[in-house]
Each structure stands twice: as structure tokens, then as C-alpha cells.
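These notes are about the structure you will find just below.
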Amino acid sequence: MIHLYKLPQEGLRLNGTTEQLALEGDVSLRDLTWSVFALASDGDVFLEVKGQAVWQGACSRCLAHLDRPLTVESQFLGSKDAELVARGCHTLGSQDLDVVFLPEDTLDEAELVREQFELQAPMHPLCAENCQGLCPTCGKNWNKGPCHCQPETSTTPSALNQALAKALAGIKLDPQS
Ligand SMILES: [Zn+2]
Ligand SMILES: [Zn+2]
């Protein structure tokens, strides 16, 4: 637990490792190493979270299992001052920092670390840029080859082409005026 308003003058640095951390959904992190730095700043608290982990989840198109390295490096200002928080941003030195509302006197570093890693987690990860996804009808993984379902869109373009061909033919056949 970090006591935000009883920080040593030189700041407080905490380092830790977490073997496994479950996130929302079917997602988890493993092999986390992290460090948290908290420094008093004019009644507010400068906070820095750095760390690395392996993100374990699934491709958002084909649902294949994915492992991704995840790096977190985040700095912000924690404040009790609702007005400052409403402004959303605070310049400290040459840095523009986001301001986060921290109404309590203490901060749970494990919770802070989890939040910051969660923010960095990929939203729509893909196993490959050109992942083909799953067939919506039979569920076959199209990366492993096509299925035998009738593609839904196959009739639309050809019908359109036919209409277009007819229209063009009609133009050609028009007697000259
Ligand atoms: Zn995929
Ligand atoms: Zn199919």
C-alpha cells in the first residue's frame, strides 16, 4: 500500500513480479515485472508505472490462442483536487501529464499495476494482419482453407454486373439521335 501523502522526499519506488494476473474476459497476463514510482508534487502525486508481461488472449477474428509481449510505461499525476482533475491535464516541468482522481490517501500498488497493464492490453489483437477469421455459418477457420458454405455475398456482385452489362448494352443499341 502506498501512502500518497507520506512519501519520502526522494520519492518511493516499489518493484515487484507477478506470476499470473487474470484480466477481463478470457485474457490473462503472465511473468509480470513492474516498478512503481511515486513522488510528491505540490500537494499532488507524480506516479510512474513501468513493466513488462506476456499477454495471453485470443485472435479477435479466428480466436486462435495468442501470446504477445506487453510493455507498460505510463506517467500521470494523481490528485485529490477535483478542479485539476476536471481540466484533465497538468504540465509538470516540460511534461504534459494526465490527471487521475485519487480521492484516497492510500493507493494499492497491485491494483495500480493491474489497471495500467489492462489499459495497454491489445483491444482487437490479430494472429496475423490478413487473418481470414471464421466462417459465420459453419465456424471453420478460414486460415486453414475455405469451407463449403455458400458465400453470402456471391449473388450480389454478379446480379449487379448483369444489370450493368444490360444497361451498357442498351446504350450501345440506342439509335443515334
Ligand atoms: Zn486470427
Ligand atoms: Zn462455412
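Each value in this text was obtained by applying a stated rule to the coordinates, not by laboratory testing. Treat the numbers as computed from the prediction; the structure is a model and nothing was measured. Because the Cβ atoms are built from the backbone with ideal geometry, glycine has one as well, and the counts that use them run over all protein chains shown.
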When you look at Ser41, is it more than 16 Å from ligand 2 (Cβ to nearest atom), touching a residue at least 40 places away in the same chain (Cβ under 8 Å) and out of contact with any strand residue (DSSP E or B) (no Cβ under 7 Å at 6 or more places or on another chain), yes or no? no
Hey, Leu126 hits all of (1) in contact (Cβ under 8 Å) with a residue 40 or more places away in the chain; (2) exposed (fewer than 15 other Cβ atoms within 10 Å of the Cβ) but one; which does it fall short on? (2)
Given the residues Ser94, Ser74, Ser60, Ser79, which is the only one that is over 14 Å from Lys50 (Cα atoms) and within 19 Å of the chain's Cα centre (by Cα)? Ser60
If we keep only residues of region 112-136 that are part of a loop (DSSP other than H, G, I, E, B) and within 13 Å of the chain's Cα centre (by Cα), then the residue farthest from ligand 2 (Cβ to nearest atom) is Ala121
Can you give me the number of residues within region 1-27 that are within 16 Å of the chain's Cα centre (by Cα) and surrounded by fewer than 16 Cβ atoms within 10 Å (Cβ to Cβ)? 5
